[in-house]
Amino acid sequence: MIRIKNTWYTFLYMLPLSFIALIGCKTSTNNLPYLGQTDSENGKEIHHKVGQFSHYNQDSLLMTNQSLKDYIYVADFFFTSCPSICPKVMKEMMRIYEAVKDDPQVKLVSFTIDPKRDDVRKLRLYADNLGIDHTKWYFLTGDKEATFALANTYFVAALEDPTAPGGFDHSGKIILVDKDGHIRSFSEGTDPEDTPKIIADIKTLSASYQKSGQTNGK
């Protein structure tokens, strides 16, 4: 796994992910790039992967990267009491959910950055209020500092800031991750005009697995 150095954190907060994609990405056969740094090891390209996590979902089930190994998924970082960008991002996540809810290869994952207030019970109520399928869209809570570090590997800024609305400062990127943990696309969750493109990218990635026979069989 490629690790992102801490010195990148502030830089990434200021830098559009589209520019990061130009730094060490390579287009695959399905025309979606591998975003982030690509290294070489024994002549083999090693693409950036998202970090390891161990969080509980809204139904009190422990989830890790292994839980999602058979799926492509769309991820965001939020908190339920967020008074600023989260409602906008969640609205776009709902658009994505509606677009892919019948594709068994695709999941949605929302990590809370406020686990003190967003416990399992709170996340279950939040998911119920959205009216979503709990087996399709996971709302995850876990250690706060570990989640901040995890967000960094998704190229999402997240930190506690008492001067920010709700006490947390974070970006609203929505990230598409393939079955191997590589970031393949993203959208700005605060920009509704970005959403159709990531939906198209999700369908492209899903179709590439179907074409190669690498489906989860569900």
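Read-outs: derived from the displayed coordinates by stated rules, not from any lab. All figures in this text were calculated on a predicted structure; none of them were measured in a lab. Note that we place each Cβ from the backbone using ideal geometry, even for glycine, and neighbour counts take in every protein chain shown.
Just a few scattered comments:
- Exceedance of the 28 Å cut-off in Cα-Cα distance is limited, within the set 116/173; 49/101; 49/122, to 49/122.
- In sequence order, calculated HN-Hα J values of segment 47-56 (Karplus, 6.51, -1.76, 1.60; Hz; x Gly/Pro): 8, 4, 10, 5, x, 7, 9, 8, 10, 9
- Positive-end extreme of charge dipole, segment 121-188 - chosen from 167, 127, 155 (charges on Cβ): 127
- The modelled label-to-label distance for the pair residue 81/residue 191, using points 7 Å beyond Cα in the direction of Cβ, is 3.1 nm.
- Assigned charges on the beta-carbon of Lys, Arg, Asp, Glu; segment 75-127 dipole about Cα centre (debye): 240
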